[in-house]
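Following: one structure in structure tokens, then a few remarks.
Throughout, read-outs are computed from the coordinates displayed, never taken from laboratory work. It should be emphasised that the depicted structure is a prediction, and the values quoted were computed from it without experimental measurement. Here the Cβ is made from the backbone with ideal geometry for all residues, glycine too, and neighbour counts use every protein chain on show.
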Amino acid sequence: MNSNQSTALITGGTSGIGRAVANQLAAQGIHVVVAGRNADRGEQTVAAIRSAGGKADFVQTDLRDASSARSLAKRAVELGNGRVDILVNNAGIFPFGPTHETTEDDFERVYALNVKAPYFLVAELAPLMAESGKGAIVNISTMVADYGMSGMSLYGSSKAAINLLTKAWAAEYGPSGVRVNTVSPGPTRTEGTDAMGEGLDQLAAQAPAGRPASADEIAEAVVFLATDRASFIHGANLAVDGGQTAV
Ligand SMILES: NC(=O)c1ccc[n+]([C@@H]2O[C@H](COP(=O)([O-])OP(=O)(O)OC[C@H]3O[C@@H](n4cnc5c(N)ncnc54)[C@H](OP(=O)(O)O)[C@@H]3O)[C@@H](O)[C@H]2O)c1
């Protein structure tokens, strides 16, 4: 066993963008801990990484509050033999619809997973990273946190909170060696966007790239920010949206 091996916790690492991040980090020799609710998907993800020669563990969790976030963080630290070097706050839900049709339950669910869970994962893990003098946190946001889009008030606002949290955490933990950054994807083909069908292409057609991203294209940016090649990047929000927010 390599005791110097880095460990990364990727929430929602069992599907779409999160799984692509897990695969790419594992291919770089990083031990990945993937978290999600569905044990079948989790075990499949881990088995694929192991059969490619990587090190991976699955933790089944429903991220719904501070206590589930803190428990996941503690389990990841155990699996990482006392450390988690990289945290990727990726698990998210993205329902859309009119504000006047949004229920309180919708509101609670979106903010619990998209805001509260990352908040308390960072609360648990950033101090440990700071103690070791090094760490990287990458938050997954969205292009619709940067501009107003009809039907996206709930989702967009939850991710806008994440955009500010990235800067606040960069200020708070950066001086201790913990880099905190955001990746803001545009429309990306994943299991989560399958149901959008051609709607995803239509949304993507408005941007210069003119097409949806693959999960791997988003993961490239996440892995860059999570690893030492981005050693001087703190508090940034990297748009990986085919140019949508540039025009
Ligand atoms: N795809 C896009 O076009 C796009 C664009 C911009 C931003 N994003 C953001 O990118 C991130 C990933 O999106 P994706 O398209 O890859 O999503 P996805 O394919 O739907 O995957 C979501 C992941 O989150 C996990 N998850 C969902 N609810 C959870 C819960 N309550 N507790 C723990 N894990 C949970 C899922 O696993 P289980 O179902 O097993 O729990 C799954 O692994 C999200 O934050 C999303 O907002 C996506």
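Quick check on region 148-159. Is at least one of its residues on the phi > 0 side of the Ramachandran plot and touching a residue at least 12 places away in the same chain (Cβ under 8 Å)? Yes, that holds for at least one residue. Filtering region 114-135 to residues that are surrounded by fewer than 24 Cβ atoms within 10 Å (Cβ to Cβ), within 16 Å of Asn90 (Cβ to Cβ) and not aromatic (Phe, Trp, Tyr) leaves Val115, Lys116.
Could you tell me whether any residue of region 178-189 is closer than 19 Å to Gly18 by Cβ, in a helix (DSSP H, G or I) and either among the aliphatic types (A, V, I, L, M) or touching a residue at least 24 places away in the same chain (Cβ under 8 Å) (or both)? Scanning region 178-189, I find no residue that is closer than 19 Å to Gly18 by Cβ, in a helix (DSSP H, G or I) and either among the aliphatic types (A, V, I, L, M) or touching a residue at least 24 places away in the same chain (Cβ under 8 Å) (or both), so the answer is no. If the condition is being closer than 17 Å to Ser141 by Cα and more than 8 Å from the ligand (Cβ to nearest atom), then region 164-202 contributes Leu164, Leu165, Thr166, Lys167, Ala168, Trp169, Ala170, Arg179, Val180, Asn181, Thr182, Val183. Among the residues of region 109-154, those identified as among the small types (Gly, Ala, Ser), away from the ligand (no atom under 11 Å from the Cβ) and either within 18 Å of the chain's Cα centre (by Cα) or under 18 Å from Ile86 (Cα atoms) (or both) are Ala123, Ala126, Ala130, Ser132, Gly133, Gly135, Ala136.
Within region 48-95, track down each residue that is crowded, with 16+ Cβ neighbours inside 10 Å, within 13 Å of the ligand (Cβ to nearest atom) and part of a loop (DSSP other than H, G, I, E, B). Of everything in region 48-95, those that are crowded, with 16+ Cβ neighbours inside 10 Å, within 13 Å of the ligand (Cβ to nearest atom) and part of a loop (DSSP other than H, G, I, E, B) turn out to be Thr61, Leu63, Asn90, Ala91, Gly92, Phe94.
Scanning region 2-47 for residues that are more than 8 Å from the ligand (Cβ to nearest atom) and at positive phi yields a total of 1.
Flag: Leu113 does not match the condition of being part of a helix (DSSP H, G or I) and over 22 Å from Gly36 (Cα atoms). Examine region 222-243 for a residue that is among the acidic types (Asp, Glu) and loosely packed, with under 15 Cβ neighbours inside 10 Å, and state whether such a residue exists. Yes, the conditions are met somewhere in region 222-243.
Within region 231-247, being in a loop (DSSP other than H, G, I, E, B) and more than 22 Å from Arg19 (Cα to Cα) holds for Ser231, Phe232, Ile233, His234, Gly235, Ala236, Gly243, Val247. Inspect all residues belonging to region 212-230 and state whether any of them is part of a loop (DSSP other than H, G, I, E, B), within 12 Å of the ligand (Cβ to nearest atom) and either free of Cβ contacts under 8 Å to residues at least 40 places away in the same chain or of a type in the set (Asp, Glu) (or both). Among the residues of region 212-230, at least one is part of a loop (DSSP other than H, G, I, E, B), within 12 Å of the ligand (Cβ to nearest atom) and either free of Cβ contacts under 8 Å to residues at least 40 places away in the same chain or of a type in the set (Asp, Glu) (or both), which makes the answer yes.
For Leu203, the stated conditions do not hold, so it cannot be described as in a helix (DSSP H, G or I) and either closer than 14 Å to Leu238 by Cα or of a type in the set (Ser, Thr, Tyr) (or both). Among the residues making up region 24-47, a single one is buried (at least 24 other Cβ atoms within 10 Å of the Cβ) and touching a residue at least 60 places away in the same chain (Cβ under 8 Å): Leu25. Of everything in region 96-106 that is closer than 16 Å to Arg64 by Cα and within 15 Å of the ligand (Cβ to nearest atom), the residue that is surrounded by the most Cβ atoms within 10 Å (Cβ to Cβ) is Asp106.
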